[in-house]
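Have a look at the structure below, then the notes.
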Amino acid sequence: MQRPPIRVSDLHAFDTLIDARSPSEFALDHIPGAINCPVLDDDERRIVGTLYKQRGAFEARRVGGAMVAANLAKHLRERFADRPSSWKPLVYCWRGGLRSGSMVTWLRLVGWDAQQLAGGYKSFRHHVIERIEALCPQLSLRILCGATGSAKTRVLQSLALRGAQVLDLEDCAKHKGSLLGALPGVSQPSQKHFETRIAQVLEAIDLHRPLYVEGESPRIGRIALPVSLVSRMRASPCIEIIATRQARLDYLLRDYAYLGDDGEVLATQLGLLKELQGKETVQRWQAWARARELAPLFAELMTQHYDPHYARSQARHFMAWSDRSRVDASDLTEQGIEALADAVLALDADTGALTRGPAAPGSRHRPPVDE
């Protein structure tokens, strides 16, 4: 009797998930937990594709078949050499076609119960989009806001250590979200991989509990947030961290200390602000960057660039901004961040605090405008 096709919902039933695509396809995005065992590497795939266009399908399959056989033999000798006879692998390629099919055939000949994912990675990609669209409108979000340097990401991390549900979008995007937010030596993921990571988090949460997320613009670096997530964020209650200017500056000098490693690179980035801030101001900032004088640079960036933008953008981005809860902070050291996380959690522990209840200890709460 013919087995029913294997779907994304069946992934849990297998011992190993094998991505048979090329390394570059795997790097762009893959199903979480998969291992990459290509039947054609990037160069081989390019050669086969060129043969197909220039000399036809038969010649492409003749040459490609030899490459596939050699790669499968290598995987059998190396990656799969220690697998027991009871091993159950699930294999996928782009659309569930020849690449994964050829691997499944050889694995079955050995005696393993190998299966092929119906629709391949493409079916998984549809699953990611569908789950994000379905789950985002149901999220009980808490939007953590605060001016640049308010340690919002660190507060999120502290919340997670306390057992709270957290969606760290900047971690998913590998970027801090500002003009100077690129991480040294770290590339941003593809848009697809970013969305895969979001779907992975959302599928694991309890929809009846709050999910804390930092208030972001629709883009983090070059990555765009899913429209359904942005819409839900804009309609959700906000918690604003009100940190003193000195605490923020001290935090920025610690958190962005690496920007002083290459003053010329930093000066080049600051050059992008000439149209907004004027040539004279930016030249002063660039001189500080080249001299690695981050304290006066960050102080002026806060007061002249980031803070005015923050003040304008929050009311525009978040519909519940006027009803936000607030927590004060004069200390953004590790101890101060832990206290902030406790204060944020206290807002939800105090029934209705994010809408109508009294303020949590160490916080100020503004009641709704209709009271």
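The values are calculated or read from the model by the stated rules, or taken from the named source; none is laboratory data. A quick note: this is a predicted structure, and the numbers were derived from the prediction, not measured. All Cβ positions, even for glycine, are placed from backbone atoms using ideal geometry, and neighbour counts span all protein chains on display.
Some notes on this structure:
- Every test in (1) touching a Leu at 6+ places or on another chain (Cβ under 7 Å); (2) surrounded by fewer than 19 Cβ atoms within 10 Å (Cβ to Cβ) is passed by L141 save one, and that test is (2).
- Residue in region 137-158 that is assigned to a strand (DSSP E or B) and of a type in the set (G, A, S) present: yes
- Filtered by the rule that a residue be among the polar types (S, T, N, Q) and part of a helix (DSSP H, G or I), region 41-99 gives T50, Q54, N71.
- Residues of region 288-310 satisfying the condition of being in contact (Cβ under 8 Å) with a residue 24 or more places away in the chain and more than 18 Å from L273 (Cα to Cα): A291, R292, A295
- Residue check for G177: farther than 14 Å from L229 by Cβ, without any contact (Cβ under 8 Å) to a residue 12 or more places away in the chain and assigned to a loop (DSSP other than H, G, I, E, B): no
- Output for region 279-326, where each listed residue is small (G, A, S), modelled with pLDDT of 95 or more and surrounded by fewer than 16 Cβ atoms within 10 Å (Cβ to Cβ): A287, A291, A295
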